[in-house]
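So the structure is just underneath, and the comments pick up after that.
The values are calculated or read from the model by the stated rules, or taken from the named source; none is laboratory data. Since this is a predicted model, take the numbers as computed values, not measurements. Every residue, glycine as well, gets a Cβ built from its backbone with ideal geometry; the counts of neighbours run over all protein chains shown. To get the accessible areas, we keep the full protein, side chains included, count just its heavy atoms, and leave off ligands, DNA and RNA. Shrake-Rupley method; radii C 1.70, N 1.55, O 1.52, S 1.80 Å.
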Amino acid sequence: MNLSDGREVRPMGTDADMGSIRVLVAEDDRAIRELLVHHLERDGFTPVEAADGQATLRAAREGVDLLLLDIGLPGVDGFEIARTLRREGRGMPIVILTARTDEVDRVVGFELGADDYVVKPFSPREVIARVRAILRRSGMKQETGPQTLRFGRLEIDEGAREARVDGRDVGLKPREYALLLTLVANAGVALSRDTLLERVWGYDFDGDERTVDVHMRRLRMRLEEEHRLATCLHTVHGFGYKFSQA
Ligand code: CA
């Protein structure tokens, strides 16, 4: 690993393809996580969030193109996560986020299979530059193909843009589908109404946060009442919503 990689990192621009590159941000510090997510989104990536070790493993196993991995995660720490994923034969690039320079020796020395690291405090621009460099190095643009996310009886087929329960299409409208996908892709993470509005309806949407509530009500009706799925869409009072399996 060339740590003083002096190669020039030029922004690639926000070509449409970047939107299909899923970057998992595994970080329990909410401020840092949201900062990275914000910058990744702005640069055209599709960020996925995880705030603890278990959620990170789950999200990584569902398939992401790159993992930004905090070492000090609650539950399962970053070292263990990197080892586990490599042991399972998952080869996505991993960039370690660490607060301590004395951890760097372990990151480099312990054959974690990490591709790079950044030491906190870092600038989000620095992190994104590393992400781009690594993706370019690993020849990203390789087709990752649409994913199918599975949670028990619920299945979300990104190729068909379809949510199914027991293999049957639930018949969601496009916004309902997008809302569900956003929540499921961030399973276990509470997303604010504001965040959901931005991600599902876009920054320039005029409506207010009740729009989110209306769509959530319909989603619940379809999944939990019509298809008798155990409660998986949770209200986080005074904040927003969270998907987690019963
Ligand atoms: Ca941490």
_Skipping prolines and chain starts, which residues have an amide H placed within reach, meaning under 5 Å, of the one on Q147, given they are 5 or more residues away or on another chain?_
E158, G159
*In the full protein assembly as shown, how much of H215 is accessible to a 1.4 Å probe, in Å² to the nearest 10?*
30 Å²
*Mind ordering 123-132, 47-56 by average Cβ neighbours within 10 Å, highest first?*
47-56, 123-132
*Return the Cα extents of segment 17-137 along principal axes one, two and three, sorted largest first, each rounded to a whole Å.*
33, 29, 28
*Take the Cα atoms of segment 147-243, build their convex hull, and give its volume per residue in Å³.*
93 Å³
*How long is the gain from T84 to D157 if the chain were fully straight, where each residue apart is worth 0.36 nm and the alpha carbon distance is subtracted?*
23.7 nm
*Using a cut-off of 11 Å between beta-carbons, work out the net charge of the residues near R153 (Lys and Arg +1, Asp and Glu -1, R153 not included).*
+2
*Near R217, within a Cβ-to-Cβ distance under 11 Å, what is the net charge of the other residues, with Lys and Arg +1 and Asp and Glu -1?*
0
*Given a 1.4 Å probe and every protein chain left where it sits, what share in percent of the accessible area of segment 147-243 is carbon and sulfur?*
44 percent
*asked:* Report the gain in length on full extension from Q245 to R217: 0.36 nm times residue separation, minus Cα-Cα distance, nm rounded to one decimal.
replied: 8.3 nm
*asked:* Can you give me the distance in nm between label points at R228 and A129, each placed 7 Å from the Cα along the Cα-to-Cβ direction?
replied: 5.8 nm
*Contour excess over end-to-end distance, with Cα ends at D29 and Q147 and 0.36 nm allotted per residue*: 39.7 nm
